[in-house]
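This report refers to the structure that appears directly beneath it.
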Amino acid sequence: MPNVGQDDRVPESGRYLLNILDADTKREAVQRAATRRYANREMLIRQGEKANGIHIITGGTVESLFESAGGRELILGTWQAGDFVGGPYVFGDHEHMWGARALGTVTTLYLNHDSLKAFAQQSAPFALALIESLGFKGQRYSKLAQTLATHTTTERLALLISELADNAAPSSDGKKRVGMVRQSKLAHMIGATRQSVANALQKLEDSGAIALEPTSFIIADRAILGELAGSND
């Protein structure tokens with residue numbers, strides 16, 4: 001997803017952990033955490049490694065990804081400032097089921113398991129905010145599973161572009177633009193082949209839902225895009 005500032009995003013209840021907290025609890029969370037910085041494509045979390053805490057993103061964009069035994073990647077989601085990565089077993093002794101990778105420069109507040117558990121035991125507001133954020137994540141991943149199982153490539157791509165557009169600020173001309181994403185990347189994000197994504201993009205453009213520029217997608221007709229996202233083609 002585009003790396004956008006927090007003020008540009010559509011608010012989503014329960015999504016952004018720090019935003020749910022009152023000022024005092026947020027201040028304490030920051031004091032308990034360690035600041036970490038990651039370069040582009042550096043791994044915050046590696047699939048299969050033993051988990052030890054969460055990263056609350058304070059700057060940049062992080063993608064969650066699953067790598068199959070054959071080496072194929074599926075992008076499970078992208079996360080912005082205010083989100084956290086490191087679930088779902090935030091307190092448990094487990095191996096990560098998927099990884100998390102920086103897209104560009106990323107800064108986080110890192111809380112290891114011991115600090116996280118102690119804070120949750122001592123602060124009901126923090127524990128409740130953590131549960132609410134986990135609920136949002138569970139809903140997001142459930143939606144992903146349903147979409148992969150029941151939607152065509154064109155439908156999945158239309159849904160993805162709609163989501164990207166929701167997180168993008170309007171351009172100076174008032175149009176919603178999504179920074180161009182490589183077809184191979186789109187394929188990883190929706191669990192499809194590059195050729196099927198190329199065909200779906202052509203279909204979306206031919207329908208008038210989007211217009212392709214050299215460096216971006218323009219959302220030409222949001223209604224048509226929505227119809228295609230729910231079609232049975």
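The values are calculated or read from the model by the stated rules, or taken from the named source; none is laboratory data. What you see is a predicted model; the values in this text were computed from it and never measured. FYI the Cβ positions are ideal-geometry reconstructions off the backbone, even for glycines, and counts take in every protein chain you see. Note: areas computed on protein heavy atoms with side chains; ligands, DNA, RNA excluded. Shrake-Rupley method; radii C 1.70, N 1.55, O 1.52, S 1.80 Å.
Of the set (1) under 15 Å from Ile56 (Cβ atoms); (2) not in a strand (DSSP E or B), all apply to Gly135 but (1). Here region 49-67 is the region considered, the condition is being open to solvent by 40 Å² or more (accessible area, probe 1.4 Å) and outside any strand (DSSP E or B), and the residue that is nearest to Leu157 (Cα to Cα) is Glu49.
Within region 93-107, identify whether any single residue is of a type in the set (Asp, Glu) and closer than 17 Å to Ile190 by Cα, and answer yes or no.
Checked against the condition, which is being of a type in the set (Asp, Glu) and closer than 17 Å to Ile190 by Cα, region 93-107 yields no hits at all.
Taking the listed residues Arg15, Arg41, the one that is buried (at least 17 other Cβ atoms within 10 Å of the Cβ) and assigned to a loop (DSSP other than H, G, I, E, B) is Arg15, with no other qualifying. Quick check on region 1-53: of everything there that is at pLDDT below 65 and charged (D, E, K, R), which residue is farthest from Gln122 (Cα to Cα)? The selected residue is Asp8. Do we find that Gly87 is modelled with pLDDT under 85 and of a type in the set (Gly, Ala, Ser) in this structure? Judged against the criteria, Gly87 is a match. Residues that are open to solvent by less than 60 Å² (accessible area, probe 1.4 Å), modelled with pLDDT of 85 or more and not hydroxyl-bearing (Ser, Thr, Tyr) do occur in region 141-155. Scanning region 79-106 for residues that are over 21 Å from Ala129 (Cβ atoms) and surrounded by 14 or more Cβ atoms within 10 Å (Cβ to Cβ) yields His96, Met97, Trp98, Gly99, Arg101, Ala102, Leu103, Thr105, Val106.
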